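Below you'll find the structure, written out as structure tokens, and then a few comments.
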Amino acid sequence: MAQGTAGDDVEASGPGELTTDDVGVLSVAQTMVLSTRYTMAYAAGINESTPGYYDDLREGGAFIHPGIVFSLQWASRARPEQPVNWRAAPFGVHASTDLRIHRAFRPGEAITTQGRVVEKKQLKPGVFVLDRYRMTSSSGELVAELDYNGITRGATLSGPAVSIESEHEAPTFGAVAESPIWREEIPVPAQAAQQYTECAQIYNPIHTEPSVAKAAGLPEIILHGSATKAMSLSAVIAHAFDGDPARITRLMGQLRAMVLLNTVMTVEALAEEVVGDEKRVLFRTLTDAGGTAIANGIVCGKA
């Protein structure tokens, strides 16, 4: 994460105490049109090779990658009425994601995204914050929800936890394989972060500018966590859902190790099962060095 304006003094003083005053605060609602140019660019940004993402002549139009929710979320994250806590900001980490898709996105539709803080509580590592983003169509239909869960490491919550909405339970699996059911290696080119930044319209200089990454204490620029998740999801869609992104209804996962550029990450499936009309896949994503980039990854979809 980038340093706050106080630089070394911020790190030395720690994140300090956080309040629950922002629970319930809404972000700015942003409406984005899922144009062919936009959705194709997103697919290109994660090096998606399935032809359907680029074929607007196919019945129903070109595929839309479910990972586009991360682009929609990024565009609507601003909260102008809530001042940035520069002391705590350097200690914030993106811990996990829970995406629930109620119906597939449709080419050309306008999607309005707005988030709000719905839960804040003290955990041993620091203060946990749950931001929930809702994505609706122009008719008001709820299309998808994205939980963006973060932890401010070392912070202390002043007062009791506050929750106006809680986390959703994760699916369970009957058995987990000792060795991967399938695995896929995914190249991460040297220019992957710059490519994803522009195609997904998600800009954070720690992913594109070595000087900023170094100032933030990183060894070098790293791949976006959302890109790691989207590229991993692509592998699961190809292996377990016949390459059809419209079948996906849920994506979960905890971000752990950083993915460096000019390396190869590996997606491994540890379980696949069908419960009723739902297919579930348990996966993990490993870095080139063997670290766990995504732990407890889960993808659900129509069987």
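The values are calculated or read from the model by the stated rules, or taken from the named source; none is laboratory data. Here the structure is a predicted model, which is why all the values come from computation and not from measurement. Note that we place each Cβ from the backbone using ideal geometry, even for glycine, and neighbour counts take in every protein chain shown.
Whether a residue is touching a Phe, Trp or Tyr at 6+ places or on another chain (Cβ under 6 Å) and either touching a residue at least 12 places away in the same chain (Cβ under 8 Å) or surrounded by 17 or more Cβ atoms within 10 Å (Cβ to Cβ) (or both) was assessed, and THR156 does not pass this test. Inspection of segment 47-59 identifies no residue that is part of a loop (DSSP other than H, G, I, E, B), within 30 Å of GLY159 (Cα to Cα) and either within 17 Å of the chain's Cα centre (by Cα) or modelled with pLDDT of 95 or more (or both). When we screen VAL264, VAL299 for residues that are in contact with a helix residue (DSSP H, G or I) (Cβ under 8 Å, 6 or more places away or on another chain), of a type outside the set (Gly, Ala, Ser) and not in a loop (DSSP other than H, G, I, E, B), the only hit is VAL299. Does ILE151 meet the test of being free of Cβ contacts under 8 Å to residues at least 60 places away in the same chain, under 30 Å from ALA88 (Cα atoms) and among the β-branched types (Val, Ile, Thr)? So ILE151 passes the test.
Name the single residue that is farthest from TYR133 (Cα to Cα) among those in segment 23-62 being polar (S, T, N, Q) and touching a residue at least 40 places away in the same chain (Cβ under 8 Å).
Let us first name the residues in segment 23-62 that are polar (S, T, N, Q), namely 27, 30-31, 35-36, 39, 47, 49-50.
Restricting the remaining residues to those that are touching a residue at least 40 places away in the same chain (Cβ under 8 Å) gives 27, 30-31, 35-36, 39, 47, 50.
On the way: SER27: 9, GLN30: 11, THR31: 13, SER35: 21, THR36: 23, THR39: 19, ASN47: 26, THR50: 28 Å.
Looking at the filtered set, the residue picked out is THR50.
For GLY290, the criteria (1) under 21 Å from ALA95 (Cα atoms); (2) in contact (Cβ under 8 Å) with a residue 24 or more places away in the chain; (3) surrounded by fewer than 16 Cβ atoms within 10 Å (Cβ to Cβ) hold in every case but one, which is (2).
Of all the residues in segment 211-225, those that are in contact (Cβ under 8 Å) with a residue 24 or more places away in the chain, assigned to a helix (DSSP H, G or I) and out of contact with any strand residue (DSSP E or B) (no Cβ under 8 Å at 6 or more places or on another chain) number 2.
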